[in-house]
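**Student:** Following this message is one structure expressed as structure tokens.
The values are calculated or read from the model by the stated rules, or taken from the named source; none is laboratory data. All values derive from a computational prediction rather than experimental measurement. Here the Cβ positions follow ideal geometry from the backbone for every residue, glycine too, while neighbour counts run over all protein chains shown.
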Amino acid sequence: MITHDTEVLVAGLGPVGATAALSLARQGINVTAVEPLVSSAHDLRASTYHAPTLEILDDLGAADTLFSQGLKAPVYQYRDRQTGEVFSFDLGEIADRTRFPYRIQCEQHRVTSNIVDQLKQQSSATVLQGQRVLFVEQHEDHVIAYVENANAVERWRARYLVAADGASSVVRKVLGLQFPGFTYDEKFVCFSTEHPIEEAFDNLSYVNYISDPREWMVVLRVPGLWRVLVPAPLDLTDDQLVSDDYKNDVFGRMLGRDLQIVTRHRTIYRAHQRVCERFAVGHILLVGDAAHLNSPMGGFGMNSGIHDAVNASEKLVKILRHGADGAAQVALYERQRQTITRDFVQAQTIENTRLMRDGWANARAQRSEAMTRLVNDAEARRAYLLKQSMFTSLDQAAAIS
Ligand SMILES: Cc1cc2nc3c(=O)[nH]c(=O)nc-3n(C[C@H](O)[C@H](O)[C@H](O)COP(=O)(O)OP(=O)(O)OC[C@H]3O[C@@H](n4cnc5c(N)ncnc54)[C@H](O)[C@@H]3O)c2cc1C
């Protein structure tokens, strides 16, 4: 069997693996990235890029698509569909903390393709698309990955392996790691449409969390489309959830009349809250969905994965270029990112999802009161904006030694 050598092998070129690989390559590390797909998956997943993630991608020279095609969303809103109350939060208030005081709304596949294009231009990077990691073996000072291409299985010997191979990570499974947590009972349905939904609302922003005891929804704008995410009724089958009848019901309730809206996508998702028991084992570091899954309420999944990616690559550069102790750096990566995943990403997305699912319905008055207090208290509002835009979690991770 042919054996190749590389310093770091990255399994998976989703947004997280692509960021890890580009960050390493830009710092002169010899990196090989393996991805089964020949181009980025065009599914409807992440669309929100928070300010720290914009800074990371801009620093890597991989934010062109975000800034040229994405939509700036300085304001996001919590709306109550029944009372009409609107609570707005303006990221312009943290302009002293970031050069990008807004979210950018852009589909993840557009941005990922741009990062992969940049990666391909790096002389220290090798990109193997149409190939997959089948198996990994840990040795004392290196990892062997078995990589399948169209004709053969070849061995790649790497000093370190970054597992960015997504929710069903083969690397995590080969390592025999547990992925404890839970899966929400109900599914979510995401519709996308070119219909000008904004005409039915007063001053709708690009990011809206709309509460309703009967049917809450998240309404997001991406270039050329509105995306509408709703919880699926438990008694409907998947066929019924993507039927015209259900689609017309959802939009009919939302817009007040049946307009026979034409949709571009109708996608069913399950949401999970899971954290892998280890984020690093020996010479393998797990990042992104391979290490943690959370509900999409708040837009933290991909963003926190990108934060894992840069943290992991910083540690690998220290080991491979500056002689830092490998075991200590890898352990520090695990402590910083696993702690933040548990204490912030999981806790906040569970809370955000609870508020959307039942908190609002059962405790609307308290919710409205709490939101009013927050909106009217400048200090609390700033702390809230820094937390929801993920600056606080990055500061907390950096403080963990
Ligand atoms: C409806 C919805 C909305 C969301 N919205 C947001 C949002 O607004 N903001 C946010 O931050 N997050 C959001 N997320 C979460 C976000 O989509 C994920 O967290 C993100 O895609 C994780 O990126 P990743 O690179 O870790 O994994 P993935 O994107 O899953 O990429 C994994 C890659 O690994 C490859 N791979 C698989 N097996 C192998 C193998 N054996 N060898 C090599 N490669 C392999 C896959 O082909 C894939 O390209 C949303 C998710 C959903 C479902």
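**Student:** Can you confirm whether L13 is under 30 Å from R367 (Cβ atoms), among the aliphatic types (A, V, I, L, M), within 15 Å of the ligand (Cβ to nearest atom) and under 14 Å from the mean Cα position of the chain (by Cα)?
**Tutor:** The answer is no for L13.
**Student:** How many residues does segment 38-56 hold that are aliphatic (A, V, I, L, M), away from the ligand (no atom under 12 Å from the Cβ) and farther than 14 Å from Q105 by Cα?
**Tutor:** Final tally of qualifying residues: 1.
**Student:** Could you please tell me which pairs satisfy a Cβ distance under 7 Å, a separation of 6+ or placement on different chains, a first residue in segment 289-311 that is within 19 Å of R278 (Cβ to Cβ), and a second residue that is aromatic (F, W, Y)?
**Tutor:** Listed by first residue and then by second, the contacts come to A291/F279; N294/F300; N311/Y333.
One line per residue, one yes/no per condition, for (1) in contact with a helix residue (DSSP H, G or I) (Cβ under 9 Å, 6 or more places away or on another chain); (2) of a type in the set (F, W, Y):
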{"position": "V116", "(1), (2)": "yes, no"}
{"position": "A158", "(1), (2)": "no, no"}
{"position": "S168", "(1), (2)": "yes, no"}
{"position": "F179", "(1), (2)": "yes, yes"}
{"position": "C190", "(1), (2)": "no, no"}
{"position": "E194", "(1), (2)": "no, no"}
{"position": "N208", "(1), (2)": "no, no"}
{"position": "M217", "(1), (2)": "yes, no"}
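**Student:** Also, I was wondering about something else. For segment 50-116, give me every one of the strands (runs of 3 or more DSSP E) that falls completely inside it and has 1 or more residues that are at pLDDT below 95, outside the structural domain of R214 (by TED's automatic domain parsing) and touching a strand residue (DSSP E or B) at 6+ places or on another chain (Cβ under 8 Å).
**Tutor:** Strands (runs of 3 or more DSSP E) meeting the threshold: 75-80, 86-90.
**Student:** Something else now. How about segment 163-207: which of its residues are within 13 Å of the ligand (Cβ to nearest atom) and of a type in the set (S, T, N, Q)?
**Tutor:** S168, S169, T183, S192
**Student:** Here's a follow-up. Check off (1) under 24 Å from T48 (Cβ atoms); (2) surrounded by fewer than 16 Cβ atoms within 10 Å (Cβ to Cβ) for P180 and give me the number that stays unchecked.
**Tutor:** Going through the list (1) under 24 Å from T48 (Cβ atoms); (2) surrounded by fewer than 16 Cβ atoms within 10 Å (Cβ to Cβ), P180 breaks only (1).
**Student:** Select, from Q131, Q118, the only residue that is under 17 Å from T6 (Cα atoms), within 16 Å of the ligand (Cβ to nearest atom) and surrounded by 17 or more Cβ atoms within 10 Å (Cβ to Cβ).
**Tutor:** Being under 17 Å from T6 (Cα atoms), within 16 Å of the ligand (Cβ to nearest atom) and surrounded by 17 or more Cβ atoms within 10 Å (Cβ to Cβ) holds for just one of Q131, Q118, which is Q131.
**Student:** Can you tell me which condition V147 does not meet? The list is (1) within 14 Å of the ligand (Cβ to nearest atom); (2) over 19 Å from the mean Cα position of the chain (by Cα); (3) in a loop (DSSP other than H, G, I, E, B), and all the others hold.
**Tutor:** Only one criterion is unmet by V147, namely (3).
**Student:** Determine whether Q336 is more than 12 Å from the ligand (Cβ to nearest atom), closer than 30 Å to W216 by Cβ and crowded, with 20+ Cβ neighbours inside 10 Å.
**Tutor:** So Q336 does not fit the description; no.
**Student:** May I ask you to verify whether H272 is within 30 Å of L57 (Cα to Cα) and either crowded, with 24+ Cβ neighbours inside 10 Å or modelled with pLDDT of 95 or more (or both)?
**Tutor:** Here the answer is yes, as H272 does meet what is asked.
For (1) assigned to a strand (DSSP E or B); (2) closer than 22 Å to S368 by Cα; (3) touching a Leu at 6+ places or on another chain (Cβ under 7 Å), each residue gets a yes or a no:
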| site | (1), (2), (3) |
| --- | --- |
| E215 | no, yes, no |
| R227 | yes, no, yes |
| V230 | yes, yes, no |
| P233 | no, no, no |
| L236 | no, no, no |
| Q240 | no, no, no |
| F251 | no, no, yes |
| I261 | no, no, no |
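**Student:** Identify the residue in segment 319-341 that is of a type in the set (D, E, K, R) and assigned to a helix (DSSP H, G or I) and, among all such residues, is nearest to S389 (Cα to Cα).
**Tutor:** R337
**Student:** Something else: Looking at H4 and the list (1) surrounded by 18 or more Cβ atoms within 10 Å (Cβ to Cβ); (2) in a strand (DSSP E or B), which single condition is not satisfied?
**Tutor:** (1)
**Student:** So the check is Cβ under 7 Å with 6+ separation or different chains; which pairs have a first residue in segment 157-168 that's of a type outside the set (A, V, I, L, M) and a second one that's in a loop (DSSP other than H, G, I, E, B)?
**Tutor:** Listed by first residue and then by second, the contacts come to R157/H142; R159/H142; R159/H283; Y160/H283; D165/G12; G166/G12; G166/G14.
**Student:** Right, another one. Out of A25, A33, I need the residue that is more than 8 Å from the ligand (Cβ to nearest atom), more than 19 Å from the chain's Cα centre (by Cα) and assigned to a strand (DSSP E or B). Which one? If you could, list the steps in order and put the result at the bottom.
**Tutor:** Values: A25 fails: assigned to a strand (DSSP E or B).
Sole residue among the options that is more than 8 Å from the ligand (Cβ to nearest atom), more than 19 Å from the chain's Cα centre (by Cα) and assigned to a strand (DSSP E or B): A33.
**Student:** With the structure loaded, tell me whether I261 is touching a residue at least 60 places away in the same chain (Cβ under 8 Å), surrounded by fewer than 22 Cβ atoms within 10 Å (Cβ to Cβ), closer than 30 Å to Q82 by Cβ and in contact with a strand residue (DSSP E or B) (Cβ under 6 Å, 6 or more places away or on another chain) or whether it fails that test.
**Tutor:** Yes, satisfied.
**Student:** Just the residues that are of a type in the set (V, I, T) and farther than 19 Å from E334 by Cβ, please, taken from segment 264-297.
**Tutor:** Initially, segment 264-297 is screened for residues of a type in the set (V, I, T), giving 267-268, 275, 281, 284, 287.
Those that are of a type in the set (V, I, T) and farther than 19 Å from E334 by Cβ: T267, I268.
**Student:** Now for a separate question. Identify, from the list S88, S124, the residue that is away from the ligand (no atom under 16 Å from the Cβ) and either under 27 Å from T353 (Cα atoms) or within 22 Å of the chain's Cα centre (by Cα) (or both).
**Tutor:** S88
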